[in-house]
1. Which residue fluctuates most in the GNM of the chain (Cα springs below 10 Å): Leu32, Leu75, Leu61?
2. Assigning unit charges at the beta carbon (Lys, Arg +1; Asp, Glu -1) and nothing else, what dipole magnitude in debye, to the nearest 20, does the chain show about its Cα centre?
3. At q = 0.12 Å⁻¹, what log₁₀ I(q)/I(0) does a Debye calculation on the Cα points of the chain give, no solvent, two decimals?
4. If you build a Gaussian network model of the chain, linking Cα atoms that sit under 10 Å apart, which residue out of Asn59, Asn15, Asn50 swings the most?
5. 222 nm [θ] for the chain, helices only, -39500 (n - 2.57) per DSSP H run of 4+, per residue, to 500?
6. Given contacts defined as C-alpha pairs under 8 Å and at least six residues apart, what's the relative contact order of the range 4-82, whole-number percent?
7. What is the order of Val33, Val18, fewest Cβ neighbours within 10 Å to most?
8. Considering only the other residues whose Cβ falls under 10 Å of the Cβ of Lys19, what net charge follows from Lys and Arg at +1 and Asp and Glu at -1?
Amino acid sequence: MSAKDSSNQEHIISNATVKQALSEPFEIKAMLVSSGFDMQDQLGQFLTINRYFNESGSNTLNRTYNGIVTLIQHLGMDSNLQNHQYEIT
């Protein structure tokens, strides 16, 4: 999975959960991994998450989610100390 922020930068999504119900707003929580994600600039901005399906070794776009970032938590750095990890809602 990947995400594209309002600055048109792509980031890695390591996992995500989507809650949907009839007549209710949906909620997506995702773990975003990036070296260039700016928390202050992205809060309140649009974000697109693309989910891919691996079919015979090639990734095919399966679903796209569009929403507004309402919460960002910095969780630290990855094990290689190259990328930051964030939980976004």
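1. Comparing Leu32, Leu75, Leu61 in a Gaussian network model of the chain, the most mobile one is Leu61.
2. Here the chain has a charge dipole of around 220 debye.
3. -0.37
4. Evaluated over the chain, the most mobile residue of the options is Asn59.
5. Helix-only estimate at 222 nm: -500 deg cm²/dmol.
6. It rounds to 25 percent for the range 4-82.
7. With the sparsest Cβ surroundings first, the list reads Val18, Val33.
8. -1
Values in this text are rule-based calculations from the coordinates and carry no lab data. Since the model is a prediction, treat every value here as computed from it, not as a measurement. In this analysis, Cβ positions are derived from the backbone assuming ideal geometry, glycine residues included, and neighbour counts consider all displayed protein chains.
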